Amino acid sequence: HALINVVVVETGSQGIWCEGSVEEMTASASGQIPTFTDLSTFSASFIMDAPVTTIMSPAFKCEEKSHVSSCLSLMKQEKISAVIITGSGEIPLGILDAASAGIRLAEGGKADTEAFRWMNSPPTLISSDSPISEAFSLITASPGKTLVVIDPENKICGVVTFNELSGSFFTAPE
């Protein structure tokens with residue numbers, strides 16, 4: 001006996017994606033002694049096949065000529081760890097992450113430095129309909145451990161960080 005909780009999080013031409021949980025009822029509630037089943041295999045396959053849009057965050061961008069201090073202020077205001085540095089036409093040129101910027105500042109770098117000078121480039125792009133399993137494959141070599149999510153028109157639609165990928169396993173059903 002189990003309590004199943006399912007929520008539809010995204011629908012589209014590729015199907016319906018749901019999040020949820022399976023909780024075994026206690027022996028006293030069901031009147032029977034439960035049989036324990038290891039559902040970890042199902043949890044991993046469930047989340048790994050979901051599109052990256054289910055875990056991505058909104059994309060915050062700074063123009064390449066922006067000062068690092070402006071980018072860091074945006075990160076603080078939005079409570080994010082990285083911004084996408086863009087060129088003309090909002091083309092993603094790189095990633096500026098708070099950790100790398102903090103190290104450069106600690107080493108004597110100036111906060112009024114143009115962001116493109118400190119960005120990790122080129123950024124790693126991933127299609128919005130790509131599965132999370134592909135994001136895991138790409139993130140290890142990605143600058144700043146951040147992927148730029150692009151839509152079918154090659155426009156920036158979000159970011160996926162290493163922390164979000166790691167956290168996706170904690171939200172997978174158990």
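The combined condition, being open to solvent by less than 40 Å² (accessible area, probe 1.4 Å), free of Cβ contacts under 8 Å to residues at least 60 places away in the same chain and not in a helix (DSSP H, G or I), is fulfilled by Leu96. Might you check whether a residue that is touching a residue at least 12 places away in the same chain (Cβ under 8 Å), surrounded by 15 or more Cβ atoms within 10 Å (Cβ to Cβ) and over 15 Å from the mean Cα position of the chain (by Cα) occurs anywhere in segment 128-136? The answer is no; no qualifying residue exists.
Pairing residues of segment 52-69 that are free of Cβ contacts under 8 Å to residues at least 12 places away in the same chain and within 18 Å of Ile85 (Cβ to Cβ) with residues that are of a type outside the set (D, E, K, R) and open to solvent by 50 Å² or more (accessible area, probe 1.4 Å), at Cβ distances under 8 Å and at least 6 apart in sequence or on separate chains, gives no pairs at all. Taken together, Ser43, Ser28, Ser57 contain a single residue that is farther than 23 Å from Pro152 by Cα, surrounded by 12 or more Cβ atoms within 10 Å (Cβ to Cβ) and either at pLDDT 70 or above or of a type outside the set (Val, Ile, Thr) (or both), which is Ser43. Determine if segment 96-105 includes at least one residue that is under 23 Å from Glu134 (Cβ atoms), among the polar types (S, T, N, Q) and in contact with a helix residue (DSSP H, G or I) (Cβ under 8 Å, 6 or more places away or on another chain). Looking through segment 96-105, none of the residues is under 23 Å from Glu134 (Cβ atoms), among the polar types (S, T, N, Q) and in contact with a helix residue (DSSP H, G or I) (Cβ under 8 Å, 6 or more places away or on another chain).
The values are calculated or read from the model by the stated rules, or taken from the named source; none is laboratory data. Because the structure is predicted, anything quoted here is derived from the model rather than measured. Using ideal geometry, Cβ is built from the backbone for each residue, glycine included, and neighbour counts are taken over all protein chains shown. Surface accessibility is based on the protein's heavy atoms, side chains included, excluding ligands, DNA and RNA. Shrake-Rupley method; radii C 1.70, N 1.55, O 1.52, S 1.80 Å.
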